[in-house]
Every structure is written in C-alpha cells, then in structure tokens.
Amino acid sequence: MGRHRIAVIPGDGIGGEVIAATVAVLGALQAREPGLGFDCRTLPWGSDYYRRAGRMMPEDALATLGRFDAILFGAVGARDVPDHVTLWQLRLAICQGFDQYLNLRPARVLPGIASPLRCVDGRRLDWLVVRENSEGEYAGAGGRVHQGSAGEVAIETAVFTRAGSARVIRQAFELARRRLRKRLTLVTKSNAQRFGMVLWDEVFAEIAAEYPDVATDRELVDAMTVRMIRRPESIDVMVASNLHADILSDLAGALIGSLGLAPSANINPERVHPSMFEPVHGSAFDIAGQGIANPLGAVWSAEMMLEHLGESAAAARLMAAILRVAADASLHTPDLGGKATTAAVRDALIEALGAP
C-alpha cells in the first residue's frame, strides 16, 4: 500500500455529483485501510472551462496529468457546446494523448438489481467488454470540403493497423485467460467492412493460436446485439473495435439494470502514462443538479482504479460495499426504480465499508 496521486476531473452534468460521492467514499476507505492514502487534486476542466477559455482544458493539460498516478473522470457533454468539441477536446484528447488503448467495461447483474431480461442474474450475465480505444472508427482521420455548399463532402476514415489491433486483442486474450470460463468472442463486421475489419479478423486468428486454453468464437456486431439479449450466458469476454464496443457496452449497461451502474477503465498497459477511470453514463444533464444521480458506476470505476494501482485488498473491500448497497432496494436511485438520493447511496457505501 502507499499514497497515490489522483487527478480528479468531475467534468460536466452529473459528473461532479458522482465524482464528489466517489472521492468521499475513497476518503472513508483510506481511513479503514492502514497504509492506503490518496492525494486528490480536482481539475475544473470541462464545458464551464470552455465557456471561459474557448477550450475544454489548458494547453499543458497532459503535462499536468502526467504527474499523477491515475485519473478519476466524471462525464463530458453540455447542451450548449457541440458534442464533438466536448469529447475530442477532453476525454479523447486524454485517451489518445496517453495511449490508453485498452478500454475495459465490465457488465454484471448485481445482487438486488433487476435486469430487463427475464430470469437473468449474475450467473447468466457476467461480461467483460474489451474495446480498442485509440484508432478504428474514432481515429479522427478525415475532413470536410466545400462546407455549406450543395456539394459538401464529409469523410470519416476508420483506421485499423496491425500493431493497434494486435495489442488490444492480445490484452483481451490475457484477460479471458484469467477468468473462470476462459472464453473470448471476436466482434466484427468484416462481411461489409472488407479491409480494416478483415485485418482485425486475421490478427485475431493469428493471436488465438498462441492461446489454446482460451475458447474463441466470432460474431458479427449486429448479430451480437441479438445474442446479448437472447443468450447472455453464452458470452464471457468480447473484444470489439472502438465504435462497436462503445455501442455494445451501452447495451450491456442497460441489460445489467442501468447505465448508472456501468464502470469503465481507459488503460495504458505499459504504465508509461496514467490510466483514466470513469463511469459510462455520461453527463445526463437532464437530471443534473437534482441529487438523484446513481454513483455506483463511478465508485465501481474507482474500484477498477484500485486494482490497477495494485491495491487489491482495498478494491475487494470497496466491491463488497458496492454489492451490499446494490442489494438494498431502499438505496436504489430513480434509474433503478427507487427514490434514493446520491447522498444516501454515498453514505450507505461509507457505512458498508465497516468501522475504521
């Protein structure tokens, strides 16, 4: 155990609410785990910063963030700022700038939470979505010409490289190997995307030969949406491109009961740069300021951060608290059909951590 420097970027909308709750829970956790400590610094970047400065974060933001051990991120997005500005100038700038090419999004039906799928619990739905996080459809290659004219053209180019595909697919195999079922599903669309996704498929097949202990199968992305609903128990780990995994993981969040429960991690596996941990739900500005946002996705993301930092015992204690709170229907926020507030869930999590 040790002290960890954490950059905290609450961002927009409910990001500030769920991250404040998470930081409070981490503060309580360090009081209960001898030797564990956090030096948290809040960085007020996001849409408010953009309105003042014309950019989502300072020019030297990556240099600032590079001095931290990890980043805890809330959400990005506002009604009056174009989505491509908020995303590309903050979250994606960090992910790409720090080569956080491995995005992990676990999805599990927690005890006490009802999935919209009939008779589905954590025994039938316990997935890990592995997302390529640096290229593919979100590479940022393309442009627009003749803007405003009848002949305007917009080109968005998906970029698939052998090196970029191989490194995330290999990580997916390593992660699948550590799980009980040891099964990895390749998500593709190579029947229609005959260049980049064919390369993606070929790289997967080459690497699969190195992992005979991991069972594999292949699914077209459209068929995968059906399989997630009809046969959730057939899925263990799935690896998909940047866009496909982005969409599938949102579906996964809905199927575990609420997007408010869904955590994620943007990992630089080589640890040259800090990794970033964030809930999947986004800014949800329609409920911002009402005190009803579900903080469990953000707290679960912090649990993933603890695992990444090598604090397994603290992570296990925090996960036990999450499970205990999730199981109590009186602590369900409106997204789960309840009436609990963010503050009530925060306080219950702190209590569930046990005595200092």
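What follows is calculated from the coordinates using simple rules that are stated; it is not laboratory data. Given the structure is predicted, the values throughout are model-derived calculations rather than measurements. Note that each Cβ is placed from the backbone with ideal geometry, even for glycine, and that neighbours are counted across all protein chains shown.
Let me check I've understood the local charge: for Val76, count other residues with C-beta under 12 angstrom from its C-beta, Lys and Arg +1, Asp and Glu -1. What total comes out? Don't jump to the answer; show the numbers that get you there.
Numbers: positive: Arg91; negative: Asp12, Asp48, Asp83, Glu278.
Net charge around Val76: -3.
Ordering Phe173, Asn191, Ser134 by the projection of their Cα atoms onto the charge dipole of the range 96-224, which places +1 on the Cβ of Lys and Arg and -1 on the Cβ of Asp and Glu, puts Phe173 at the extreme positive end.
With semi-axes defined as the square roots of five times the eigenvalues of the C-alpha gyration tensor, the equivalent ellipsoid of the range 59-201 measures 31, 22, 19 Å, largest first. Directionally averaged projected area (the chain, Cα convex hull): 18.6 nm². Of Ala327, Ala314, Ala302, which has the largest mean-square fluctuation in a 10 Å C-alpha GNM of the chain? Comparing Ala327, Ala314, Ala302 in a Gaussian network model of the chain, the most mobile one is Ala327.
Remark: Ile14, Ile207 ranked as Ile207, Ile14, counting other beta-carbon atoms within 10 Å and listing the fewest first.
May I ask you to derive the relative contact order of the chain, considering only C-alpha pairs under 8 Å and at least 6 residues apart, and to give it as an integer percent? Numbers along the way, then the final one.
Details: 734 pairs, mean separation 81.0, N = 356.
23 percent.
Taking the fewest neighbouring Cβ atoms within 10 Å as the starting point, the ordered list for Tyr211, Tyr101 is Tyr211, Tyr101.
How do Ile229, Ile287 rank when sorted from fewest to most other Cβ atoms within 10 Å of their own Cβ? Intermediate values should be presented prior to the final figure.
Working: Ile229 14, Ile287 18.
If I rank by nearby Cβ atoms, fewest first, I get Ile229, Ile287.
Counting only DSSP beta bridges with both residues in the range 115-256, the antiparallel share comes to about 30 percent.
Mind putting a number on the dipole of the chain about its Cα centre? Charges go on the C-beta only, +1 for Lys and Arg and -1 for Asp and Glu, and I need it in Debye to the nearest 20. Spell out each step's value before the answer.
On the way: 37 positive and 41 negative charges, 116 e Å.
Using only the charged Cβ atoms, the result is roughly 560 debye.
Within the chain, which whole H helices from DSSP have a Cα span along their axis of at least 30 Å and a mean Kyte-Doolittle hydropathy of 1.6 or more, if any? Before the final figure, lay out each step's value.
Working: long enough: none.
Span-like helices in the chain: none at all.
Taking other residues whose beta carbon is less than 15 angstrom from the beta carbon of Gly253, and scoring Lys, Arg as +1 and Asp, Glu as -1, yields -2.
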